[in-house]
1. Select from segment 24-51 the residues that are of a type in the set (A, V, I, L, M) and over 20 Å from the mean Cα position of the chain (by Cα) and write down the one among them that is farthest from His86 (Cα to Cα).
2. How many residues, within segment 80-116, are farther than 20 Å from Phe58 by Cβ and among the hydrophobic types (A, V, I, L, M, F, W, C)?
3. Which helices (runs of 4 or more DSSP H) sit wholly inside segment 128-178 and have at least 3 residues that are closer than 19 Å to Pro106 by Cβ?
4. Would you mind finding the one in Pro78, Pro106 that is surrounded by 14 or more Cβ atoms within 10 Å (Cβ to Cβ) and either of a type in the set (Gly, Ala, Ser) or part of a loop (DSSP other than H, G, I, E, B) (or both)?
Amino acid sequence: MFTDMRQALDLVGKKVDILDHLATLPESERLAADKKLADIEEYYMLNTEPTVGVVELFKFLSSKNIKYTVCTRNLIKPVQHLLDTHLPGVTFHEPVVTRSFQPPKPSPEPLLHISSQWGFPAKEMVMVGDSRDDMLAGLAAGFTTVLIRHEDNAKVETDVPGIDYVIHDFHELIELLS
């Protein structure tokens, strides 16, 4: 998805963050770029299956009264689609943090906002994600970090030193949390 986004915005091979790039554009160009990104997110939302074990993970978390939410650089629509389509009955704990939160990941601020809202110290929080930004934000916030490794993100494990755990599906996360 991110490769497609970078291609749509003519950022392939450029060392610039997608959201940082959007912020530099004049309003008319930014609106057009936002539309391109939203279309790409929607395509992937409709054509991607959730990670193996996600349903079991949320059942496990609920059964143990463990709070969970989403912190994403995407729009809210894909989050709502995931809930409606693949996780009926699951409700994320507020706050649900999306692209509208500033600054976005890799800043630790979105994660620190969540821990503050919940009243938990960072050392008691876990950031589970599959991107470089997820891991950088989690590490900078002082969270335990868990990388969900797949064929598209193998470099993250070597590019980001200090990741606490690397898993391949959510069944492994359930084992870690048990």
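Only the coordinates and a few stated rules stand behind these numbers; no lab work does. Just so you know, these numbers come straight off a predicted model, no measurement behind them. Quick reminder, even Gly has a Cβ in these numbers, built from the backbone with ideal geometry, and neighbours come from all protein chains shown.
1. Start the filter on segment 24-51 by keeping residues that are of a type in the set (A, V, I, L, M), which leaves 25, 31-33, 37-38, 40, 45-46.
Among the residues that remain, those that are also over 20 Å from the mean Cα position of the chain (by Cα) are: 25, 31-33.
Working: Leu25: 35, Leu31: 30, Ala32: 30, Ala33: 29 Å.
The qualifying residue farthest from His86 (Cα to Cα) is Leu25.
2. 2
3. Counting at least 3 such residues, we get 132-141, 154-159.
4. That would be Pro106, the only listed residue that is surrounded by 14 or more Cβ atoms within 10 Å (Cβ to Cβ) and either of a type in the set (Gly, Ala, Ser) or part of a loop (DSSP other than H, G, I, E, B) (or both).
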